[in-house]
Amino acid sequence: MANIWLYRGAWAGEFNLNDELVPGITPFLTPPGRLQGKPQRLKANENKSFIGSYVLGKGFVLEPDEASALIARNPKNKDCLFPYLNGEDLNSRPDQSPSRWVINFQNFPLNRTADGVWLTANEEQRKQWLRSGYVPFDYPKSVAEDYPDLIQILIERVKTERDELVAKGKQIHEYCFWKFWDRRDNLYATIAKKEKVLVTSRHNKILIFEFVKSDLIYSEALAIFAVDRSVFSFLQSSIHDVWAWQNCSTIRDAGIRYSPTDGFETFPFPIDFSQLKENGERYLERRQSILQSRREGLTKTYNRFHDPAEAAEDIVEFRRLQVEMDNAVASAYGWQDLPLDHGFHETKQGIRYTISEAARREVLDRLLELNHQRYAEEVAAGLHDKKSAKSAGTGRGRKKKAEPAAANEPEQFQLF
């Protein structure tokens, strides 16, 4: 419980926070840092982070037994059935595997009932047919009704719900009840050639990142990162954790609402961090060993990690690897002068095994300074002019055109 008094006008009195005199109080109820201002989104981080697919319709999602039965009935059904990973699976299952499947017709038209001939039609006519969902008899690719078992499920379980949304003016794809509300096509195109991608739950009390297979459909409850494995060390570090909790929104009693825009795109990576891959691999190996030996998920494992009473040997070693990784991240920035002072510290999220409050404040100041410096360099290079500012293509549902990564991006961060 925090007691807050509001005063309109310029405050000429003292600033008292937690019974201590401070130079000011920020909207986050913390003392102000050396620097003021908001972090800016960096072009160097663009088109590397995404939010998963917004399915909008429980009827798309199937239990494993039903998916298996559909494949057994007609092996062709497997073309449009995919494992479906959500935040609960990621955080609670020891192997982070999907517990359910999803029907995914991608961008298929519904059927071949439109008048006309596809072969002789011009490009504009073809686009109109595809937008409507109805194409001519000679359309050469798949349509949803090529899979009668699956489309019947969506007619029975999804169509009525979608029709009601259309009637309320809330549905974008008016005729496309057989498609996800937002497919995130850019996400899946970007990761198509990757074996694994880095993901995190967007709503969580503890920010946890993990690599999973790329041939899944990801729920909108996940953020997905198409990045090199070296990047893991940064995102799972206490340094990024501090940045994310400062700049992303939070949900009452539910923790952080991680935003790729606010948490990742603004995060200023050092120029060279290729050496951190080994630290991350050791950390991941130890964490997986704990998950498998205890048969517990990521959330339970990190609850042990942050519990001062937990003194099990494997957890103690896990904390040591966190310290090692955090120090390596700090060194990559050239911050050997900054004492991180790891321990069990009080935070807004409760007791956490993390860096000290003084270190957290200094990290935020240094990262904000670096963010502003990088942004100024990108502006000087013409990367944030009015034309380019309108394009992002980050797969978060904005109507923006994708553009390639910045030409002056560090070689170590050329990830595609």
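The values are calculated or read from the model by the stated rules, or taken from the named source; none is laboratory data. Remember, it's a predicted structure, so these values are computed and weren't measured experimentally. Reconstructed Cβ throughout: ideal geometry from the backbone, glycine too, with neighbour counts over all protein chains shown. Keep in mind that these areas ignore ligands, DNA and RNA; they rest on the heavy atoms of the full protein, side chains included. Shrake-Rupley method; radii C 1.70, N 1.55, O 1.52, S 1.80 Å.
Details
- The number of residues in region 137-155 being crowded, with 19+ Cβ neighbours inside 10 Å, hydroxyl-bearing (Ser, Thr, Tyr) and touching a residue at least 60 places away in the same chain (Cβ under 8 Å) comes to 1.
- Top-ranked residue in region 291-318 [being among the small types (Gly, Ala, Ser) and open to solvent by 70 Å² or more (accessible area, probe 1.4 Å); ranked as nearest to residue 351 (Cα to Cα)]: 309
- Of the residues screened, residue 130 is not one that is assigned to a helix (DSSP H, G or I) and crowded, with 17+ Cβ neighbours inside 10 Å.
- When 353, 283 are checked against the criterion of being in contact with a Ser or Thr (Cβ under 8 Å, 6 or more places away or on another chain) and surrounded by 15 or more Cβ atoms within 10 Å (Cβ to Cβ), a single residue qualifies: 283.
- Selection count, region 86-117, where residues are open to solvent by 40 Å² or more (accessible area, probe 1.4 Å), farther than 17 Å from residue 64 by Cβ and of a type in the set (S, T, N, Q): 3
- All positions within region 82-111 that are closer than 14 Å to residue 178 by Cβ and touching a Phe, Trp or Tyr at 6+ places or on another chain (Cβ under 7 Å): 102, 103, 104, 105, 109, 110, 111
- Options 326, 337: the member that is of a type outside the set (A, V, I, L, M) and out of contact with any His (no Cβ under 9 Å at 6 or more places or on another chain): 337
- Test result for residue 221, within 14 Å of the chain's Cα centre (by Cα), within 24 Å of residue 95 (Cβ to Cβ) and of a type in the set (Gly, Ala, Ser): yes
- Counted as qualifying within region 219-259 are the strands (runs of 3 or more DSSP E) with 1 or more residues that are open to solvent by less than 10 Å² (accessible area, probe 1.4 Å), aliphatic (A, V, I, L, M) and closer than 22 Å to residue 86 by Cα, namely 222-225, 255-257.
- Among the numbered conditions (1) at pLDDT 95 or above; (2) surrounded by 13 or more Cβ atoms within 10 Å (Cβ to Cβ), the only one that residue 272 does not meet is (1).
- The set of residues in region 133-164 being assigned to a helix (DSSP H, G or I) and of a type in the set (A, V, I, L, M, F, W, C) consists of 144, 150, 151, 153, 154, 155.
- Restricting attention to region 209-218, the residues being assigned to a loop (DSSP other than H, G, I, E, B) and of a type in the set (Ser, Thr, Tyr) number 1.
- Qualifying position, being in a loop (DSSP other than H, G, I, E, B), over 30 Å from residue 370 (Cα atoms) and touching a residue at least 12 places away in the same chain (Cβ under 8 Å), among 268, 308: 308
- Subset tally (residues that are in a loop (DSSP other than H, G, I, E, B) and among the acidic types (Asp, Glu)) for region 109-127: 1
- Residue, nearest to residue 48 (Cα to Cα), within region 183-204, restricted to residues that are surrounded by fewer than 19 Cβ atoms within 10 Å (Cβ to Cβ) and in contact (Cβ under 8 Å) with a residue 60 or more places away in the chain: 186
- Test: residue in region 32-39 that is modelled with pLDDT of 70 or more, in a strand (DSSP E or B) and surrounded by fewer than 18 Cβ atoms within 10 Å (Cβ to Cβ): no
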